[in-house]
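This report concerns only the one structure given below.
The values are calculated or read from the model by the stated rules, or taken from the named source; none is laboratory data. What you are looking at is a predicted structure, and each value in this text was computed from that prediction instead of being measured. Every residue, glycine among them, receives a Cβ derived from its backbone with ideal geometry; neighbour counts consider all protein chains shown. Surface accessibility is based on the protein's heavy atoms, side chains included, excluding ligands, DNA and RNA. Shrake-Rupley method; radii C 1.70, N 1.55, O 1.52, S 1.80 Å.
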Amino acid sequence: MTRGAAARARRAAAVVARSVGGDPAERRRRRLLGAALTCCAAFLLAAIAIGTFGLAGPECLRTAGGSTVCLAGGGGYSVTSPPGVSEPIDDLTFGGRLVPDTSGLAPYVGESGLRPGVVVAALLLVVPFALFALQVVRLGSAARERRLAALRLQGSTSADLRRIAAAEVRGTGLVAGLAGLPAYLGLWLLLGVLPPSGWRLLPPPGPALVIGWPVVALLVVVAAVLAARRAADVGTVDAIGLTRRRARPLSRSSATATGVTLGVLLLGLALFVLAPNGAAAGVVVLVLPLVFVAAAVAAGPWIVVAVGRRHLRRGSPVAVLAGRRLLADPRTPGRVAGVLLAVGLAVGFAVSDVIGIFLSGRTDPYDLAFFGGGILTALGAIGLAAVVAALSLVVGAAEQVLDARRPTAALVALGAEPGTVVRVVRTQLRSVSVLPAIGGAIVGATLLGGWFVVAEGGGRLWVMAAALGAVVVAVLLAGGAAALGAAGAQRLLRRPLAEAMSVESLRTA
Amino acid sequence: MTPQSTSGDLPGTPPADHRAAADRVPAGAVLEARGVQHAYRRTVALRGVDLRVDAGEVVAVTGPSGCGKSTLLHAAAGLLVPQAGTVTLLGQDLAGLGEDDRALLRRRQVGIVLQFGQLVPELTAVDNVALPLLLDGRPADGARRLALDWLERCGAEDVAATMPSDMSGGEAQRVAVARALVTGPSVVFADEPTGSLDTLAGRQVLGLLVAAVRERGASLVLVTHDNTVAAKADREVRLVDGTVASEAVLR
Amino acid sequence: MSTADVVLALLSRGPAHGYDLKRGHDTWFDQGRPLAFGQVYATLARLERDGLAAVAHTETGGGPERTVYEITPAGRARLAAWVAEPAEPAAPGADELIRKTVAALRLGLDPAGFVARQRAAHLRRMRVLEQTPATDPTSRLVVEHAVAHLDADLRWLEAAAGYVAADPAADGIPRAVAHDRPGDRPGDSSDDLSHDSSDDLSHDRSRA
Ligand SMILES: Nc1ncnc2c1ncn2[C@@H]1O[C@H](COP(=O)(O)OP(=O)(O)OP(=O)(O)O)[C@@H](O)[C@H]1O
Ligand SMILES: [Mg+2]
């Protein structure tokens, strides 16, 4: 009986979800969601591919002379040399100068000791895409919220709404999860085939992908459905059947979560500083970046709240309007601010790391290529994260702008110059992008630079100067990129803004 | 049938003189729209409408749904540039003003009240009412004091610290009226200001608006399809299908 | 004829002489026509004859002699019956407005002008009514009744004009179109309306 009822309810939810699929806004939402989830799946698969690479077969290294040395079963090794080359290969050589011969993979992917770090990096790249997907699921469109409210009005229970919301994303999630493999193959072509030997980031597809594929697809679907169910209760119904968007101030529980994440981060840092060479440190150094990003994302909304409050105190109408809008829903821009804070931190680390290269004294071409390549690759990944964060910003801001079209048009009607409205949006965008990015860059560069100065600088003046220089470069790089991103977002928002400001918007509900 | 022109023009004056006449607006005219035409993609909304509003006059623009009332109001308030015809608002030819100048004119001398949903959702009632003053660079303290004063006069002091989403329709309209009047406008445009309210609340808001406008000696253009609302005006201009079907002095 | 009932109602408040009754009436219906003294005394005489009212006493304080009347039990019964009986709803076509409108529209005698003039007259009356200060609650009610009626008349007028404009075939009369252009008819502005109506409507919609 109840089981039959549940099945009926599920079927009804599927029908509702399908019938709204024709709505253009909803189609756009699903396309965006699908793209974001596909990228998540692709990077998860990348992490799997890189992580399982060494397990797939014997590990081979290439000598400087061009011979290939492969580990054999019983602890020995076999050597294959190109014709005309004969090199003395012995155990000692392994401690010397061997290039991993793994289809031209970049050294930090090829060497098993460094590989976990790359896996972590791939996992970190999932974060901005996942947050982007979460954003799309959460906000959806104003039309979707009204639809859910209308369903509510017609007697749907909140369980029904959750079911409908889940049905809306289930198909998209599944397709996106499955599309992860083709997307990964594309990524492999781009990063594992096209780059010159020694710069390739992804190994050729192995059997692990076959097992990983359905697992990742399932993971993506489940995550999307869970997020959608949590986001189903978007508003309340008022007398004329429209939603009143529920204010979502930061709660005590989100404060607790932020506090706990920050605590874990501090604990990890302490562990690392106290015992930099202990067994735990190896794990900590891998987990630390994940915790760092989690802490940044958790702290993002609080940063937005702080910035919003500061705007209110400034008192100019543009600042007040921007501040109020930031405070009205600090979570959505907060997640972007968190990602950009993490981006800033990473830029700060990457830039200061240059000091470390020179401190280690290894400045021959191979080392420079190794470290430089690593830093460049890291900056590339950071840039990708920043771009995705900027896109999240655009989606969120466009949503807010279009949602507020009537009041925006009324604002213009009562005599605000269009430029004023544009400035409000620009202030909003900048406060959640440039400020966190610069803050992160300062903190990141100071932390690592400071470490070098104190622990390894040994009173050398150039280390101090370089650390300061690194802070400046990191701020310029992160701040500039964030400003560029904000400007790009502003450009993309021009159309929705103009639409919101037009008289036509006075005719909308 | 002919629109009963209230202007002193002789019939058959060539269009060039029309424009010249618009330039020397008679001292009493707050708004002078002539030959206003506007079409949307497929619909012709206005087919050449004349509308003149004198200082201190309350004019009702009535007509069946879709006859072009809102379009006329938007053109008169400089929110929309009509495809043909001239609009002279407070002595300024709107076609000659840029978007920012029109915004400035509205901010300083024009009040606007719409049917609903015109308050900034993120601001409290006081901040909403103070907004036009703040946008004009007035100091925040004085602006808020004046805003509170107007909220009180409009009987909305109880919701001064309330967000628009937590107000009733009538309260929100009172706040909107306060916001339209706080700058001391010379002319107020109202598009169905009571359209979303029940009769009692509607009558109260309307009474408030008309009384405040009359007290200041300002003008009011009141778009409505409600006869009882129109009966508050000094003059009725009736639009039917984009043309003035009739005009009547009610005073 | 219903003056008798109103006088009876006023008398039911307590014994009163003619001047009291006139004043009471004029307060109740302060927008209406004042009650003439002659009518008060004629009515009282009729009520007394029918046994619905009776002379209570005669006042002779200073001025002229004044007769004070009071209501009888029969009068109270009659009053109760009068209030209990619902008023007869107005009969169709009994109103001058309706007669004139039908004539103007059917004969095509400048129906647009007729409607405009009638509209102005109604609005003017409404405006005057709305502006009269309410002296007491029931007089406000009387005003509101009048305003509601005027509003109903105006809406009816609008519908009537639209109806005749949209249906020229009525009565085989010359087309009573309110505007100088064929497309300029009320009721033609709403898209779905004109889609449903006859071909004759869809092809002469003007394109400006
Ligand atoms: N943005 C638009 N695009 C296309 N047509 C429009 C647009 N805005 C208005 N119209 C059309 O223009 C005509 C006039 O519209 P307008 O809103 O001025 O009428 P109105 O008299 O205010 O109607 P209502 O009493 O219903 O508010 C209508 O037929 C309407 O459908
Ligand atoms: Mg309108």
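Tabulated data
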read-out: Condition check for B:G137: assigned to a loop (DSSP other than H, G, I, E, B), more than 10 Å from every other protein chain (Cβ to nearest Cβ), under 24 Å from B:A77 (Cα atoms) and out of contact with any Gly (no Cβ under 8 Å at 6 or more places or on another chain); value: no
read-out: Members of the stretch B:130-188 that are over 20 Å from the mean Cα position of the chain (by Cα), hydrophobic (A, V, I, L, M, F, W, C) and farther than 24 Å from B:L104 by Cα; value: B:A156, B:V159, B:A160, B:A161, B:M163, B:M167
read-out: Residue among C:T27, C:T58 that is surrounded by 13 or more Cβ atoms within 10 Å (Cβ to Cβ) and out of contact with any Phe, Trp or Tyr (no Cβ under 8 Å at 6 or more places or on another chain); value: C:T27
read-out: The stretch B:54-63: number of residues that are away from ligand 2 (no atom under 11 Å from the Cβ) and either out of contact with any helix residue (DSSP H, G or I) (no Cβ under 8 Å at 6 or more places or on another chain) or assigned to a loop (DSSP other than H, G, I, E, B) (or both); value: 5
read-out: Some residue of the stretch B:111-118 being open to solvent by less than 10 Å² (accessible area, probe 1.4 Å), within 9 Å of chain A (Cβ to nearest Cβ) and in a strand (DSSP E or B); value: yes
read-out: All positions within the stretch B:64-96 that are within 16 Å of ligand 2 (Cβ to nearest atom), of a type in the set (S, T, N, Q) and under 15 Å from B:R47 (Cβ atoms); value: B:T71
read-out: Residue, farthest from the other protein chains (Cβ to nearest Cβ), within the stretch B:156-203, restricted to residues that are open to solvent by 30 Å² or more (accessible area, probe 1.4 Å) and within 17 Å of B:R214 (Cβ to Cβ); value: B:S186
read-out: Some residue of the stretch A:421-433 being aliphatic (A, V, I, L, M), open to solvent by 30 Å² or more (accessible area, probe 1.4 Å) and more than 30 Å from B:L181 (Cβ to Cβ); value: no
read-out: Per-region count, the stretch B:208-229, residues among the charged types (D, E, K, R) and within 10 Å of chain C (Cβ to nearest Cβ); value: 1
read-out: Unmet criterion (only one of (1) more than 19 Å from the chain's Cα centre (by Cα); (2) over 24 Å from C:D26 (Cβ atoms)) for C:P137; value: (2)
read-out: In the stretch B:204-235, residue farthest from the chain's Cα centre (by Cα) [restricted to those that are within 16 Å of ligand 1 (Cβ to nearest atom) and open to solvent by less than 20 Å² (accessible area, probe 1.4 Å)]; value: B:N227
read-out: Residue in the stretch A:414-428 that is away from every other protein chain (no Cβ under 14 Å) and among the hydroxyl-bearing types (S, T, Y) present; value: no
read-out: Unique residue being more than 14 Å from A:A342 (Cα to Cα) and aliphatic (A, V, I, L, M) when the list is A:V434, A:V422, A:V475; value: A:V422
read-out: Residues satisfying the stated conditions in the stretch B:41-53, i.e. within 16 Å of ligand 2 (Cβ to nearest atom), over 22 Å from B:V188 (Cα atoms) and touching a residue at least 24 places away in the same chain (Cβ under 8 Å); value: B:V44, B:A45
read-out: Residue list for the stretch B:230-250, restricted to those being in contact (Cβ under 8 Å) with a residue 40 or more places away in the chain, facing chain C (nearest Cβ under 8 Å) and assigned to a strand (DSSP E or B); value: B:E236, B:R238, B:V240, B:T243, B:A245, B:S246
read-out: Qualifying residue in the stretch A:25-32 (condition: surrounded by 12 or more Cβ atoms within 10 Å (Cβ to Cβ), in a loop (DSSP other than H, G, I, E, B) and either at pLDDT 70 or above or more than 29 Å from the chain's Cα centre (by Cα) (or both)); value: no
read-out: Residue ID - modelled with the highest pLDDT, chosen from residues in the stretch B:24-40 that are more than 16 Å from ligand 2 (Cβ to nearest atom) and not in a strand (DSSP E or B); value: B:G28
read-out: Criterion: out of contact with any Pro (no Cβ under 9 Å at 6 or more places or on another chain) and assigned to a strand (DSSP E or B) - qualifying residue of B:V129, B:V188, B:V210; value: B:V188
read-out: Failed item in (1) more than 16 Å from ligand 2 (Cβ to nearest atom); (2) in contact with a helix residue (DSSP H, G or I) (Cβ under 6 Å, 6 or more places away or on another chain), with B:S219 passing the rest; value: (2)
read-out: Criterion (touching a helix residue (DSSP H, G or I) at 6+ places or on another chain (Cβ under 7 Å), open to solvent by 20 Å² or more (accessible area, probe 1.4 Å) and either of a type in the set (A, V, I, L, M) or part of a helix (DSSP H, G or I) (or both)) met by exactly one of A:L402, A:L393; value: A:L402
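Residue by residue, here is whether (1) at pLDDT 85 or above; (2) more than 25 Å from A:A133 (Cβ to Cβ); (3) over 13 Å from the mean Cα position of the chain (by Cα) holds:
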{"position": "A:V305", "(1), (2), (3)": "yes, no, yes"}
{"position": "A:G315", "(1), (2), (3)": "no, yes, yes"}
{"position": "A:L321", "(1), (2), (3)": "yes, yes, yes"}
{"position": "A:P333", "(1), (2), (3)": "yes, no, yes"}
{"position": "A:L341", "(1), (2), (3)": "yes, no, no"}
{"position": "A:G348", "(1), (2), (3)": "yes, yes, yes"}
{"position": "A:T377", "(1), (2), (3)": "no, no, yes"}
{"position": "A:L384", "(1), (2), (3)": "yes, no, no"}
